[in-house]
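In what follows, a structure is listed as C-alpha cells, so that the remarks can point back to it.
Derivation of every value follows stated rules applied to the coordinates shown; laboratory data play no part. Bear in mind the structure is a predicted one, so any value in this text is a computation, not a measurement. Virtual Cβ from ideal backbone geometry, glycine too; neighbours counted across all protein chains shown.
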Amino acid sequence: MTTLFIDADACPVKAEAERVASRNKVPMKLVCNGGLRPSANPLVEVVIVAEGPDEADKWIAETAGRGDVVVTSDMPLAARCVEAGARVLRHNGEKLTAVNIGAQLAMRDLMTDIRAADPFARGAGKGFTKTDRSRFLDALEREIRAARRDSQGR
C-alpha cells in the first residue's frame, strides 16, 4: 500500500499534501520532532520522533520504500529514500531520482563549504511562490499514482 511521508518540520505544503492524499485515499504520515497539531483527517497521522538532529529523517528513511512517496527538502534523506525505491519530491514539485540526486547532494555540499568559508555568504534563495505550490500539487498527484503502480509490481 502506498503511503505519503512528509518531512514535516518547516514543510510549506502540508495542507496541499493532505488534500492530495485525501483525494487519493492514501495514508499520510507527518514526521516531526513535535509542535504539530493532530489532523482531524483519519488518513493523516502525526509521527513524533525523539528530539535530536535528523531523528525525523532517520525514521522516514528506515520506513519508506518502494511504492511510497516522500516529500522533503533534505538531500541526504532524499538520497536514502531514492535508494530504498521510494518516489521523492521537493516542496516545489521537483522530482528527485537516482539520475539527479548525486548532483543535488554535490550542490548541497558545495554550498555548505561556501558558507563555512565565508559566514557572511548568503544563499540567493527564492521565496516559495504560488507557481511552486501549483507545481507541487501536480507533481504529487502524478507521483502518488505512479507509486501505486510501483507497489502493485507493475
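Odds and ends about this structure:
- Cα centre as origin, Lys/Arg/Asp/Glu Cβ charges: the chain dipole, Debye: 800 debye
- Mean residue ellipticity (222 nm) of the chain, computed from DSSP H runs ≥ 4 via -39,500 (n - 2.57), nearest 500: -14000 deg cm²/dmol
- R0 of 35 Å, Cβ-Cβ distance Ser134-Glu51: FRET efficiency to nearest 0.05: 0.50
- Lys/Arg +1, Asp/Glu -1 at C-beta; the stretch 4-147 dipole; positive extreme among Val26, Ala8, Gly65: Val26
- Extension gain for Ala15-Ala98 works out to 27.1 nm (0.36 nm per residue, less the C-alpha to C-alpha distance).
- For Leu96, distant residues with modelled amide H under 5 Å away: Val88, Leu89, Arg90
- Here is the list for the stretch 25-66: GluC sites (Glu not before Pro) lying in DSSP coil, each with at most 15 other C-beta atoms within 10 angstrom of its C-beta, are Glu51.
- Sparse-neighbour loop sites [trypsin sites (Lys or Arg not before Pro); the stretch 1-87; at most 13 other C-beta within 10 Å; DSSP]: Lys25, Arg66
- In terms of overall dimensions, the chain has a Cα radius of gyration and Dmax of 15.5, 50 angstrom.
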